[in-house]
Amino acid sequence: MLTQPTLEKLRALKLNGMLEALERQKESREIKELDFEERLGLLLDAEDFYKRAQRFNSRLKYAKLRQSACVEDVDFKYPRGLDKPHFLSLANCRWVAEHNNVLITGPTGVGKTYIACALGQMACREGYRALYLRMPRLLQEMAVARADGRYAKLLLSWSKVDVLVLDDFGLSPLTPESTRDVLEVLDDRYNTRSTIVSSQLPVPNWHETMQDPTLADAVLDRLVHNSYRIELKGDSMRKKRGKGE
């Protein structure tokens, strides 16, 4: 018979998953048919699930993904050139384990951000840390960090993120200083972490968005050669549906 001290002890030990499962067992008639080991196993499974869910929610909160997206909800029927087998091959996150990148290109409204966030969310589910940043926000944060002395600390924190999602790359031309900032971020991650980049521009046009050709070469060298590409096309999904994917 359950007693209040037992429940309080589980709560004090922060075994909340086990606590909730134990209270459910108390209300179940069928549970009495199981022996002690079977009931204990169910309690341990409940605690494990609870802890994993907590860690996932913590990673998802840190990631600050722009859209609530998941790979299971990606629309493959809409005509935009999204290759289903290729995309699903990325859903296993092997590319993250191998420290590769994903480059997503296509016109406005075809779902680039959603796909990037879906891959970021899957990375969180697989135990990786992700972080979403629009390029203007990244450059702004780096400028502020340089001014208040946090530049090196900010770079270090980003270098530890397993999957960095950079949205709206090439939206506006990058000055040499901004390009150098981007290079610093990518150089810290090269062959050690993964980056997702989305852009309205095709990859061959990225070079011309950076005003310093030498720095542009270095940025693209760290992004392109070890990357998977998702090249979308077609009309905006917002026009067809009244909202973007």
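Could you check, for region 214-235, whether at least one of its residues is touching a strand residue (DSSP E or B) at 6+ places or on another chain (Cβ under 7 Å), farther than 23 Å from residue 87 by Cβ and modelled with pLDDT of 95 or more?
So far as region 214-235 goes, yes, one or more of its residues are touching a strand residue (DSSP E or B) at 6+ places or on another chain (Cβ under 7 Å), farther than 23 Å from residue 87 by Cβ and modelled with pLDDT of 95 or more.
Is region 224-233 home to any residue that is free of Cβ contacts under 8 Å to residues at least 60 places away in the same chain and either of a type in the set (Gly, Ala, Ser) or not in a strand (DSSP E or B) (or both)?
Yes, region 224-233 contains at least one residue that is free of Cβ contacts under 8 Å to residues at least 60 places away in the same chain and either of a type in the set (Gly, Ala, Ser) or not in a strand (DSSP E or B) (or both).
Whether any residue in region 178-199 is free of Cβ contacts under 8 Å to residues at least 24 places away in the same chain and assigned by TED's automatic domain parsing to the domain that holds residue 141 is what I want to check.
No, region 178-199 contains no residue that is free of Cβ contacts under 8 Å to residues at least 24 places away in the same chain and assigned by TED's automatic domain parsing to the domain that holds residue 141.
Taking the options 40, 10, name whichever one is surrounded by 14 or more Cβ atoms within 10 Å (Cβ to Cβ), farther than 25 Å from residue 125 by Cβ and at pLDDT 75 or above. Quick ask: steps written out before the conclusion?
On the way: 40 fails: surrounded by 14 or more Cβ atoms within 10 Å (Cβ to Cβ).
Result of the check over 40, 10: 10.
What's the number of the condition residue 31 fails, among (1) touching a Leu at 6+ places or on another chain (Cβ under 9 Å); (2) of a type in the set (A, V, I, L, M); (3) closer than 30 Å to residue 90 by Cα?
Looking at each condition in turn, residue 31 falls short on (3).
Looking for whichever is more than 30 Å from residue 192 (Cβ to Cβ) and within 26 Å of the chain's Cα centre (by Cα) here; the options are 73, 83, 45. Which one fits?
Unique residue meeting the criteria: 73.
The values are calculated or read from the model by the stated rules, or taken from the named source; none is laboratory data. On a predicted model such as this, the values are computed, not experimentally measured, just so you know. Cβ atoms come from the backbone with ideal geometry, glycine included; neighbour counts cover every protein chain shown.
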